[in-house]
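Engineer: Starting off with a structure, shown below.
The values are calculated or read from the model by the stated rules, or taken from the named source; none is laboratory data. The model shown is predicted, which means the values in this text are computed figures rather than measured ones. Counting neighbours? That spans all protein chains shown, and the Cβs are built from the backbone with ideal geometry, glycine included.
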Amino acid sequence: MSAPSPRQVIAVGLGLLVAAGALAEPGRFYERKGEGWFWYRDPKPVLPAEPVDPAPAAEPPAPPVASVPEATPVSVAAPPPPLSAAWMREHLDRYRDRAIDEPTPENVAAYFYLQRIVLDKSSKFASVAQRVVQGDPFLDEITQRPTATFGANLANKTAGEARDALLRRIGQLAAVWFFYRSDCPYCEAQAPLLDLMASRYGFTVLAVSLDGKALPSGFFPRFRPDSGQARALGVRSTPALFLVRPEGPAFAPVAQGVLSLAQLQERFVLAAVTAGWVSEAEVSPTRAVTADTRGALLVPPDELPDDPTALVARLRELIHE
């Protein structure tokens, strides 16, 4: 038998080392021969850690409970004194309706007694009111305009004379443009009154025909056909009247419609004062009132006292202002 080669010796030595290691660890190889040469063992499953319940969150503090204020007692207005004006407004109709629906002697008597008290209060108020008004020129309507027939007629006569004088002055300042149509019955009715205004107060009347024809009555035969003036002045109906002045403002509308003589007089004055051709001081004597202080009360003051005596004094101051 030949001696083993070095390669064989190394192989045998390695095998003995492997076997020795296997014998040194019981159960590593021979004891687990059932696993075979190509064995593989799954690693032990790693179980997930049991979930730990989180610590309960601290509950938020409860909001403070608002204290409910105690209900403020509602003040009940005291009833009006018996038989006062306020008491009568609340109860008189009720007593009247009861007397009508149930006309017993007691119900009817109750209503008539209450009505008697109301009439007595009214008579007393009227008596005191007459004395108060008579002693205060700012409250007495006679100061504004006479109430006696002859006094009222005198006021009207005086105002009429002042109006006529003012109209004659306006007649020297302005002329009248009279727009008409030959088939307009109102224009026919307006023409003689307008001719009277011209002759009485000196107005020059320029008649402007919208259809190019003369009036059937023959008034204002020297008319002119309209050449755009009516449209420029906004004429919509006839008869139409305008005061015309060479200086500005050149036109003052009077009316677009038929007017009586008194209305013509009043509107001519109003048109002139509106246009600024005459002053309010010149117009004031044409009104049939001797004084007018009530306009001072049209602008209310900032405040007024509640005391009756102080209130009257303050109102008198406002009138004087």
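Engineer: Go through the range 184-237 and report how many residues are assigned to a helix (DSSP H, G or I) and more than 16 Å from Leu259 (Cα to Cα).
Structural biologist: 8
Engineer: While we're here: Looking for something among the aliphatic types (A, V, I, L, M), without any contact (Cβ under 8 Å) to a residue 60 or more places away in the chain, at negative phi and surrounded by 15 or more Cβ atoms within 10 Å (Cβ to Cβ) - is there at least one such residue anywhere in the range 164-187?
Structural biologist: no
Engineer: Could you figure out which of (1) buried (at least 19 other Cβ atoms within 10 Å of the Cβ); (2) in contact with a strand residue (DSSP E or B) (Cβ under 6 Å, 6 or more places away or on another chain) isn't true of Phe219?
Structural biologist: Result: Phe219 passes all but (2).
Engineer: Taking the condition of being more than 39 Å from the chain's Cα centre (by Cα), under 30 Å from Arg316 (Cα atoms) and of a type in the set (Gly, Ala, Ser), how many residues in the range 84-137 meet it?
Structural biologist: Result for the range 84-137: 3.
Engineer: Taking interchain pairs and intrachain pairs at least six residues apart, which have beta carbon atoms under 7 angstrom, with the first residue in the range 261-277 and in the same structural domain as Met197 (by TED's automatic domain parsing) and the second of a type in the set (Ser, Thr, Tyr) and assigned to a helix (DSSP H, G or I)?
Structural biologist: Filtered contacts from the range 261-277: Val269/Thr286.
Engineer: Quick check on the range 201-208. Is at least one of its residues over 30 Å from Ser284 (Cβ atoms) and within 41 Å of the chain's Cα centre (by Cα)?
Structural biologist: Looking through the range 201-208, none of the residues is over 30 Å from Ser284 (Cβ atoms) and within 41 Å of the chain's Cα centre (by Cα).
Engineer: Follow-up question, since we're still on this one. Do any residues in the range 120-140 that are not assigned by TED's automatic domain parsing to the domain that holds Leu318 have Cβ atoms under 7 Å from those of residues that are of a type in the set (Val, Ile, Thr), where the two are at least six apart or on different chains, and which pairs are they?
Structural biologist: That search, which allows pairs on different chains as well, returns Pro137/Thr143; Phe138/Thr293; Phe138/Ile319; Leu139/Val132; Leu139/Val133; Asp140/Val133.
Engineer: Please go through the range 157-186 and give me each residue that is under 14 Å from Ala214 (Cα atoms), more than 42 Å from the chain's Cα centre (by Cα) and either not polar (S, T, N, Q) or not assigned by TED's automatic domain parsing to the domain that holds Phe251 (or both), ordered by number.
Structural biologist: Arg181, Asp183, Cys184, Pro185
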